[in-house]
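What follows is a single structure, written as structure tokens, with notes after it.
Quick note: the coordinates plus some simple rules give every number you see, no bench work behind them. Model, not experiment: these values are computed from the prediction. Heads up, the Cβs are rebuilt from the backbone with ideal geometry, glycines too, and the neighbour counts pull from every protein chain shown.
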Amino acid sequence: MIGILGIGAFLPDNIRTNSWWPESVVDGWRARLKRIERPEPEDPLEHLIWAAQEGLSNDPFGGSIERRIMPEGMNALDMEIAASREVLARCSMPASEIDLILVQSTIPDYLSTNTACTIHAALGLPAHALAMSVECACNGFNQQVIFAEAMIAAGRARTALLVQSCSLSRVVPPDTPHSPWFGDGATAVLLGEVEAGRELLSFSNRTDGTIGNTLVTGVPDRRWWEEGRSIFYNTDSGNSRRMLAGVPAGARATMLGAIEKAGLEPGDADFIATHQAFPWYRRVAQTAAGLEHCRGFDTFTQVASMSSANVPFVLYAAAKEGVLREGDVVVTQAGGSGITFSSLALRWGGRV
């Protein structure tokens, strides 16, 4: 059986609180909030989002409180290597046992290169190990697991190292209203052979490419290689709204889909681990799927959104706090710009 052996994490020491932003900038955000009009829901489940947002209508920070920020001189690779070393040590896993490494760097240090190779070298992985950098946006972890599980099940690999990082602080202008929503950090997950009761049970995925290239990093109104600084920005406010409005339906479809494919009933689920794009994301996804009975854990107020590292960090933190327990039936859920929605159903038994 194949499942999560363990999870490692790395957070920069630098904690940026809301007081870091100048009051003049925050006042501008407050004024902007007053001008936002609540749209009419187009989907029956969309009202869950606007009800959740109602409590943040006067909060210029969108519910975020603090986040970790990389210091000057630190790179995404530094965080990725640190998280990888932690999980290898925690699981007493020799580097020689890794046959596959998949790396999702939300903001990689370089373009047009396979950064997984640099981590491969830093960890001393064997030459035969397949090393790949992937791009799945905020849905990186779930999709990495889906690919790696298939490789292991086919006998193409024994153990896979899945790495996720976020360094959006490098490309989000600090005066933009959404800049407080993101933090830096990295996670690393080992996937391999496990005992019964700790295995991956199923997955479910949905893709909608009609609203792709909406949240991107590039030079606004130009291509990323043209003159100007590349920043993280929204190319189309209408499509951005469609992405947001689709969260409840996408979460419901994939979470219940994963449960059904596992041969379980919704009542069998014990714990929910979701994307942390907003402080309300898990609650909305959980309600949309009718899984209110499940335990959950949120990290948005402590570390903000860490993109593809969100779901594994929730699992990591919840297990350390004792909220996630051995043998729990876990349902994960995340969405990634493009757009994809994915969920896993698994039995928890990983080391953190």
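Observations
- Region 314-352 versus region 153-219: alpha-carbon centroid distance in Å: 12 Å
- Hypothetical label at A51: residues of region 269-287 whose amide nitrogen lies under 16 Å (7 Å Cα-Cβ projection): 280-287
- DSSP bridge orientation in region 208-352 - percent antiparallel, rounded to nearest 5: 60 percent
- Rounded if a/c under 1.5, otherwise prolate or oblate - region 93-230, Cα gyration tensor axes: prolate
- Taking every DSSP bridge with both residues inside the chain, close to 65 percent are antiparallel.
- Taking H120, H293 and counting other C-beta atoms within 10 Å, the order from fewest to most: H293, H120
- Summarising the label geometry, the points placed 7 Å from Cα in the beta-carbon direction at R241 and Y110 lie 4.3 nm from one another.
- In region 270-352, chymotrypsin sites (Phe, Trp or Tyr not before Pro) in a DSSP loop with at most 15 other beta-carbon atoms within 10 Å: none
- Efficiency of FRET between E37 and A89 - r from beta-carbon atoms, R0 35 angstrom, step 0.05: 0.10
- Sorting the segments 223-229, 154-160 by their mean number of nearby beta carbons within 10 angstrom, highest to lowest, gives 154-160, 223-229.
- Look at (i) 20.4; (ii) 22.3; (iii) 24.7: the one that is Kirkwood radius over Cα pairs in Å derived from this structure is (i).
- Cβ-Cβ FRET estimate between R229 and R158, R0 fixed at 51 Å, reported to 0.05: 0.75
- Cα gyration tensor shape of region 287-352, rounded if a/c is under 1.5, else prolate or oblate by comparing a/b with b/c: oblate
- Loop trypsin sites (Lys or Arg not before Pro), region 307-352 (other Cβ atoms within 10 Å of the site Cβ: 16 or fewer; DSSP): R325
- Region 56-165 shape via C-alpha gyration tensor axes, a/c threshold 1.5: prolate
- Gain in span if fully extended, R295 to D221, counting 0.36 nm per residue against the direct Cα distance: 22.3 nm
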